[in-house]
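Shown next, in structure tokens, is the structure this report addresses.
Just so it is clear, none of the values below were taken in a lab; they were calculated from the coordinates. Everything numeric here is computed off the predicted structure, so don't read it as measured data. No Cβ is skipped: glycine too gets one built from the backbone with ideal geometry, and neighbour counts run over all protein chains shown.
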Amino acid sequence: MPLPKPILEDIEIRLLLEGVYQYYGYDFRNYALSSLKRRIQGFMQLEGLANVSALQERLLHNRPYLERFLLALTVNVTSMFRDPSFYNTFRNQVIPFLQTYPFIRIWHAGCSTGEEVYSMAILLQEEGLYHRCRIYATDTNEKVLQNAKSGIFSLKMMQEYTQLYLKAGGKKSFSEYYTAAYDNAIFRSSLRDNVVFAQHNLATDSSFNEFNVILCRNVLIYFNQALQKRVHELFYNSLCTFGILGLGRQESIRFTSYEPYYEELVKGEKIYRKIAGG
């Protein structure tokens with residue numbers, strides 16, 4: 001008896017993800033299957049492909065096609081000063097602690113197109129700390145990293161970003177940080193002076209430094225439990241004692257094996273301080 005179509009499609013998707021990993025090294029095998037499946041189905045519809053096997057055939061024999069697929073597969077929903085209360089808490093609770101360090105290393109994991117990286121750079125400049133910071137902004141997708149490096153964003157978003165910046169405790173006129181050109185806002189190059197943009201895959205790559213702060217917001221929600229466990233271990237081992245971990249609104253260290261080793265600075269803001277070494 002043939003397998004029901006949904007079960008067959010799940011098998012095809014797992015084979016596709018295994019093929020992409022084995023051939024190209026991109027590992028999506030432990031992403032949450034339900035959201036991954038929706039994105040693959042949407043991509044197939046746009047491309048006019050009848051089934052996942054047809055998609056696999058095209059992907060494994062056409063490297064340039066992979067770039068389009070990766071853009072569809074990775075979620076790049078972000079904004080500047082997203083969740084302003086997070087930045088307010090960081091400004092009021094974390095900055096005084098960071099001021100005690102001569103040099104500060106920050107890892108922004110899963111930085112997407114970079115809006116939150118520039119947000120943090122602005123906050124650090126306003127608090128007089130940017131000159132002794134190094135921000136490592138990483139993502140698995142090379143295309144979005146190129147967008148992040150450019151520092152160019154849609155001008156039509158600036159009104160919304162200005163409001164978020166002010167709610168986040170911004171101390172200047174937000175327009176001071178960018179130049180308007182046609183339909184774009186080009187952000188000051190000085191905001192990139194202490195930022196290193198680099199490709200890093202949370203599913204497969206290891207730690208590359210010891211950090212005072214790790215920010216990974218609204219990324220873990222797209223991973224299954226096994227991959228979340230791997231990433232929490234990676235972050236824990238990459239943070240110095242008393243280092244800061246910042247997660248997204250729907251993410252938490254609760255019910256992980258590392259929960260006892262962190263304290264939450266402000267309830268609900270998902271900013272944690274590592275209180276025990278390992």
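The alpha-carbon of Lys143 sits under 15 angstrom from the alpha-carbons of these aspartates and glutamates, leaving out residues fewer than 8 places away in its chain: Glu67, Glu115. Counted without the sites themselves, the longest stretch of the chain free of trypsin sites (Lys or Arg not before Pro) in a DSSP loop having at most 16 other beta carbon atoms within 10 Å is 1-170. Note that the chain, at 20 °C in a medium of 1.002 mPa s, gets a Stokes-Einstein diffusion coefficient of 107 µm²/s from its Kirkwood radius over C-alpha pairs. Out of every Cα-Cα pair that segment 90-221 contains, those further apart than 24 angstrom amount to 28 percent. Across the chain, the mean sequence separation of Cα contacts (distance under 8 Å, 6 or more residues apart), normalised by length, yields a relative contact order of 18 percent.
From helices alone, the chain scores -12000 deg cm²/dmol at 222 nm; the rule is -39500 (n - 2.57) for each run of n ≥ 4 DSSP H residues, then divide by the residue total. Take the chain and mark each of the chymotrypsin sites (Phe, Trp or Tyr not before Pro) that is in a DSSP loop with at most 15 other Cβ atoms within 10 Å; the longest unmarked stretch, sites excluded, is 1-102.
Using a Gaussian network model on the chain with a 10 Å cutoff between Cα atoms, which of Asn141, Asn62, Asn218 fluctuates the most? Of Asn141, Asn62, Asn218, the Gaussian network model singles out Asn62 as fluctuating most.
Using the Kirkwood radius built from alpha carbon pairs, what does the Stokes-Einstein equation give as D for segment 223-278 at 4 °C and 1.567 mPa s, in µm² per second?
Values: Rh = 11.4 Å.
Translational diffusion coefficient: 114 µm²/s.
Note on Lys171: aspartates and glutamates with a C-alpha under 12 Å away, same-chain residues under 8 apart excluded, are Glu126, Glu127.
Listed by chain and number, the lysines whose C-alpha is less than 20 Å from the C-alpha of Lys274, apart from same-chain residues fewer than 8 away, are Lys229. Diffusion coefficient (Stokes-Einstein, Kirkwood radius over C-alpha pairs, 20 °C, 1.002 mPa s) for segment 131-188: 165 µm²/s, rounded to a whole number. Residue-wise HN-Hα couplings along segment 217-233, as the Karplus relation 6.51 cos²θ - 1.76 cosθ + 1.60 with θ = phi - 60° gives them from phi, are 10, 6, 10, 4, 5, 9, 9, 7, 4, 5, 6, 4, 4, 4, 5, 4, 5 Hz; Gly and Pro carry x. Label sites at Arg249 and Glu18, each approximated as a point 7 angstrom past Cα along Cα to Cβ, lie 3.8 nm apart.
Segment 65-124 and segment 127-150 have Cα centres lying 8 Å from one another.
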